[in-house]
Amino acid sequence: MIKKILTPFLLVLFVFGFSTETNAQFWKKKKKDAPKTAQKPKPKPKKGDIQPYGKVVTKEHKTDDGLFKVHTKDQTYLFEIPDSLLRREMLMVTRIAKTANGIGFGGGKTNTQVLRWEKKNKNILLRIVSHNVVADTILPVHEAVVNSNFEPILFSFPIKAFSKDSTATVIDATKLFTSDIKPLGLPGTLRKSMQVSRLDNSRSYIERVSSYPRNIEIRHVKTYFANKPPSNAALGSITLEMSNSMVLLPKVPMKRRYFDERVGWFTRGQIDYGLKAQKSKSVTFLDRWRLEVKDEDIEKFKRGELVEPKKQIVYYVDRATPKEWVPYIKQGINDWQVAFEAAGFKNAIIAKDPPSKEEDPDWSPEDVRYSVVRYLASPIPNANGPHVSDPRSGEILESDINWYHNVMSLLHNWFFIQTAAINPDARNKEFKTEVMGRLIRFVSAHEVGHTLGLPHNMGSSVAYPVDSLRSATFTQKYGTAPSIMDYARFNYIAQPEDKGVALMPNIGVYDKYAIAWGYKPILNKSAEEEKEILDSWILKHAGDPMYRFGHQQATGVVDPSSQTEDLGDDAVKASMYGIKNLKRILPKLEEWTSEKGENYEELSTMYGQLLGQFSRYMGHVSANIGGVYEYYKTSNQEGAVYTHVPKAKQKEALQFVINELFKTPEWMLDENIFSKTEFSGSVERVRSLQARTLNNILDAGRMARMIENETLNGSSKAYTLVNMMSDLRKGVWSEIYSGRSIDTYRRNLQRAHLDRLNYLLNEAKNQRGINRGYFKISGITINQSDVRPVVRGELKRLQRDAKAASNRGNTLTRYHLQDVVDRIKTILNPK
């Protein structure tokens, strides 16, 4: 093939007779004119290849330097993670930052997750770390624990580049916050209730990412398709702004302090397989700030002198807070200094103003180094004090108290209804600045208590005898409860003649004791070795109600001595005083709420508040029926933990409800108020109040406890279910035994009684017993218990008695009783 190509070419050369010289010149010229050989282009980097730093992080990127560098450009966020932070544990706290009506609340925490950044080949992995199950690393069982708790991967990021000095790794973190990563977004409970199907990427985006020295803050807007959105239903979707705070955990965890249920505390828990117990065992330890004695002050501390801690607890009051309220919020914070003095510290907690923008333009309440009372322009009538703590040790890392503007309306309404009968300062639509300021100080101190680790202590207020709360000497010294962490709001017991009484609680005896128990350093002792000393501190005050802790009860009240909104050791007596004051307020309600040129909206609101307060009294009293006291003890203490409320007290409680509520409370039926606030509703309002309390008394769990009490202690000591049902029937249906006509209110109450009996006989379900802190439910297998036979017997008795009385009274009374007979027949024999 080559030969065929060359031959014609050689012939052409011979014909033209090119000389060797000419030929040489020709080729020389050709060589000179020939273009230079082009260099081969470098291959383009393949997708996923690690690139030079300058190609990834360009001059167009805006860099925020903090815990690690965050580079931002065109809605893309690059994280430059130092190698020193790889494998360090970080706490991701997820909150709802901004929301719509019915979707949680702004500032509400939805999830916490410990994370760890880890390099694997050409990727950075973000792993979820669990501290729920542990064992000491030196023990053989540690290997089994690790193998049983392999850390799941939350997200994997291709490495984009290494820093110029090769000490940091660059990744694109954008998709972590634009994708639907469930632990970082809308919580599962809300997804389920609103029937969320998926994320709408076109309406979701990252708002911003900010880097601080110890934390990264991410704000991202999420829009989800939802079949049942609570607001703007026509859109078929919900939009909210989520906040993710990624907080670096300390290298060396703080020493723990182990929990004891006799002192209330927010806690953490783990299952520890490394203990000597012949089973896995749960250990629980306190959430608390790291308060330590300075090395140079240890001898002073040992001598009992007050010392300043190595690091103070500092709260800054948000710059957005109205100036008139700042001093009161700060005072509520500083009020806790007296409690920390009981723990051996002075100036342990202080309130400060934040620096101005001119003083420090970079200062931010999102910086985890600062704990802030944040003032939120929100219609939510509340305040709350959440905190962020290290799951390994319980160390509180920071806390932001959320102060919603409308908490003032809540304070106004409580203070008005509970104290206006004796307190001229409460008899206004708007309070003086110093009056509202004192209320704000009270709430500030309460919320700070939560951020220090203290939960509600609803068993505190029962420590004080009711009549002591009418004493100026006693209340000025002790306040209205031994703990500001109780819901012992304002002194509704004091009567007009009780001059000079205190109206609210302060930092009390229990608060000082609890802070000392949780924070006082025990030097040169391990967490295990501390237990014996901590136990001795509790036993020193055993049996003294001033030092008692009682849980808040979230699923109905079992223990009547640990209730919300109550005062004193006798609910019947306290409520009697409270009702006397409500009767004093009602005739003055229009005068104290009206303002020239305004309508009667405030009158309507405060009348509703008055009825609500009355309803609370009924709840405080009725909880004694079938009640069981809970006083925490350990095995080295004598006496029972659980005891039934005495028979006479239960019987007295039912009779009080019959007299004050089931006999129509005509004093609250104010025709003048009705004529100015509503076109109808007074009859329904009374029915609702009565039915609510009646259903509470006829609760299946309460009835189960009464059956159990009789079984264990006999009818001589127990208020039996049969006796209670008989007393209730005679109170609700007194007219059929006296022959009197039955008015509208009583007819409604009697039908409500029938409805509840019908529910118990035909509809009530079995209940599984729960006894877990806040949650207490008495278990009952209703169809195999005495409840239904007793209810059936009551219905038959009522049917017989109503039939006998159905020919007496006015026409409506006769119709009512004839209807009652027929209704009971249907209840006993449903189709």
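The values are calculated or read from the model by the stated rules, or taken from the named source; none is laboratory data. From a predicted model like this one, the values you see are computed outputs, not experimental measurements. Neighbour counts are summed over all protein chains in view; Cβ atoms, including those assigned to glycine, are modelled from backbone coordinates with ideal geometry.
Give the range 389-416 a look and list any residue that's more than 24 Å from ARG470 (Cα to Cα) and assigned to a helix (DSSP H, G or I), or say none.
VAL407, MET408, SER409, LEU410
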Flagged pairs (Cβ under 8 angstrom, 6 or more apart or on separate chains; first in the range 117-128, in the same structural domain as ILE181 (by TED's automatic domain parsing) and over 12 Å from PRO152 (Cα atoms); second assigned to a strand (DSSP E or B) and among the aromatic types (Phe, Trp, Tyr)) are ASN123/PHE157; ILE124/TRP117; ILE124/PHE157
Subset of the range 755-771, residues surrounded by fewer than 19 Cβ atoms within 10 Å (Cβ to Cβ) and either closer than 16 Å to ARG800 by Cβ or aromatic (Phe, Trp, Tyr) (or both), comes to TYR759
Might you let me know whether the range 679-693 holds any residue that is over 37 Å from the mean Cα position of the chain (by Cα), modelled with pLDDT under 95 and either over 21 Å from ILE417 (Cβ atoms) or charged (D, E, K, R) (or both)?
yes
Among GLU529, GLU497, the single one that is surrounded by fewer than 22 Cβ atoms within 10 Å (Cβ to Cβ), over 28 Å from PHE415 (Cβ atoms) and without any contact (Cβ under 8 Å) to a residue 40 or more places away in the chain is GLU529
Subset of the range 351-384, residues among the hydrophobic types (A, V, I, L, M, F, W, C) and exposed (fewer than 15 other Cβ atoms within 10 Å of the Cβ), comes to ALA377
Determine, yes or no, whether SER726 is among the small types (Gly, Ala, Ser) and outside any helix (DSSP H, G or I). no
message: Quick check on the range 766-774. Is at least one of its residues within 30 Å of GLN552 (Cα to Cα), touching a residue at least 12 places away in the same chain (Cβ under 8 Å), basic (Lys, Arg) and out of contact with any helix residue (DSSP H, G or I) (no Cβ under 6 Å at 6 or more places or on another chain)?
response: no
Expected output for the range 805-823 (first residue charged (D, E, K, R), partner exposed (fewer than 13 other Cβ atoms within 10 Å of the Cβ), Cβ below 8 Å, 6+ apart or cross-chain) is ARG808/GLY739; ARG814/ASN807
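Search the range 431-470 for residues being of a type in the set (Ser, Thr, Tyr) and within 16 Å of ASN506 (Cβ to Cβ), and hand back the single one that is surrounded by the fewest Cβ atoms within 10 Å (Cβ to Cβ).
Only one residue tops the list, namely SER468.
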In the set ALA542, ALA554, ALA481, ALA516, the lone residue that is in a helix (DSSP H, G or I) and within 28 Å of VAL641 (Cα to Cα) is ALA516
When the range 417-450 is checked residue by residue, the ones that are closer than 21 Å to GLY608 by Cα and either among the aliphatic types (A, V, I, L, M) or in a helix (DSSP H, G or I) (or both) are ILE417, GLN418, THR419, ALA420, ALA421, ILE422, PRO424, ASP425, ALA426
Within the range 286-303, residues being assigned to a loop (DSSP other than H, G, I, E, B) and under 25 Å from TYR315 (Cα atoms) number 6
PRO496 fails exactly one of (1) assigned to a helix (DSSP H, G or I); (2) over 16 Å from ARG548 (Cβ atoms); (3) of a type outside the set (Phe, Trp, Tyr), namely (1)
Selection over the range 156-185 where residues are under 31 Å from the mean Cα position of the chain (by Cα) and without any contact (Cβ under 8 Å) to a residue 12 or more places away in the chain yields a count of 1
| request: For SER715, state whether it is of a type in the set (S, T, N, Q) and more than 30 Å from TYR631 (Cα to Cα). | output: no
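When the range 304-334 is examined, which residues are found to be hydroxyl-bearing (Ser, Thr, Tyr) and either in a loop (DSSP other than H, G, I, E, B) or surrounded by fewer than 14 Cβ atoms within 10 Å (Cβ to Cβ) (or both)?
Listed by number, the list holds a single entry, THR321.
I'd like to verify a number: residues in the range 637-652 that are in a helix (DSSP H, G or I) and buried (at least 16 other Cβ atoms within 10 Å of the Cβ), how many?
5
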* Can you find even one residue in the range 582-594 that is of a type in the set (D, E, K, R) and within 21 Å of VAL466 (Cα to Cα)? -> yes
Flagged in the range 292-326 as within 16 Å of HIS405 (Cα to Cα) and in contact (Cβ under 8 Å) with a residue 24 or more places away in the chain, in numbering order, are VAL317, ASP318, ARG319, ALA320, THR321, PRO322, GLU324, TRP325, VAL326
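This table checks each residue for (1) under 19 Å from PHE656 (Cβ atoms); (2) in a helix (DSSP H, G or I).
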position: SER561; (1), (2): yes, no
position: GLY578; (1), (2): yes, yes
position: GLU590; (1), (2): no, yes
position: SER615; (1), (2): yes, yes
- Message: Against the condition in contact (Cβ under 8 Å) with a residue 12 or more places away in the chain, part of a strand (DSSP E or B) and not charged (D, E, K, R), how does MET254 come out, does it pass?
- Response: no
Discussion item. Quick check on the range 778-794. Is at least one of its residues surrounded by 15 or more Cβ atoms within 10 Å (Cβ to Cβ), farther than 21 Å from SER726 by Cα and touching a Lys or Arg at 6+ places or on another chain (Cβ under 7 Å)?
Written reply: yes
